[in-house]
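Data block below; observations after.
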Amino acid sequence: MKQNKVTKVKSLVETKFLSLYEAEYENKVGNIRTWTIASRKNNETIQKQFFENKQDTADGVIIAAYHKDENKIVIIRQFRIPLNDYVYELPAGLIDPGEDSISTIKRELMEETGLGLVEVINDKSLDKVYVSAGMTDESLAMVYCTCEGEISDEHLEDDECIEALLISQDEAKELIQSKEKFDIKCFLLLQSFALLGERVFQ
């Protein structure tokens, strides 16, 4: 059976952190269609990935952190412009030029929560996963780790409006029953922790 095939990608808008592209593709029955893609990548990288088989790399990290001393997981409550509201999330951030996933995890965990990275639990979790493949090619290395220290907001950037929280298993059970807004990755970790406790990080 024939498959959809992308034949052309053109840039629509490029900004510092996000760009829009229009992909032209031929669908499985031979009709020409278009699709709009949001991406963290520049036009040169996009062209090489689509037409020269350049390997895709993770754009950022998402951090599932467990504070062993407190027996709690780390989540954040962050104001997000597209929602014009606060949403519960996991600590996360983009990989800067010259960084690898581990150095990004250390930096973002400290910036957003004030906590220090102790150990990455599963190195295989450094592989990329996709966030919303119907809209964007953004990929993240989702990392399970342990951390230490005390919550602090002294490392936040000027545009970051973040409250870091340590959540117990019982608090996770209560939170997922609330009417609050959740990022799906945070919600799934809260569900798992509510059910399994620290076994999620073993």
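Quick note: the coordinates plus some simple rules give every number you see, no bench work behind them. Just so you know, these numbers come straight off a predicted model, no measurement behind them.
With respect to the chain, whose longest principal axis is taken over its alpha-carbon atoms, helix 184-196 is tilted by about 40°.
Counting only alpha carbon atoms, the long axis of helix 101-113 and the longest principal axis of the chain meet at about 50°.
Computed log10 I(q)/I(0) for region 60-201 at 0.14, 0.18, 0.20, 0.22 Å⁻¹: -0.62, -1.08, -1.36, -1.63, from the Debye equation with unit scatterers placed on every C-alpha and solvent omitted.
Close amide H contacts of residue 54 (hydrogens built in the peptide plane, cut-off under 5 Å, sequence separation of 5 or more or a different chain): 49.
Cross-link partners of residue 185 among lysines, defined as those whose alpha carbon lies under 28 angstrom from its own and excluding same-chain residues fewer than eight positions apart: 16, 41, 54, 68, 72, 106, 124, 128, 173.
The H on the amide N of residue 72, modeled in the peptide plane, is under 5 Å from the matching H of 67, each at least 5 residues off or on a different chain. In the chain, Cα pairs under 8 Å separated by at least six residues give a relative contact order of 20 percent. Orientation-averaged projection of region 5-51 equals 3.0 nm² [convex hull of Cα atoms, one quarter of hull surface area]. Normalised by the number of residues in region 98-202, the mean separation of alpha-carbon contacts (under 8 Å, six or more apart) gives a relative contact order of 24 percent.
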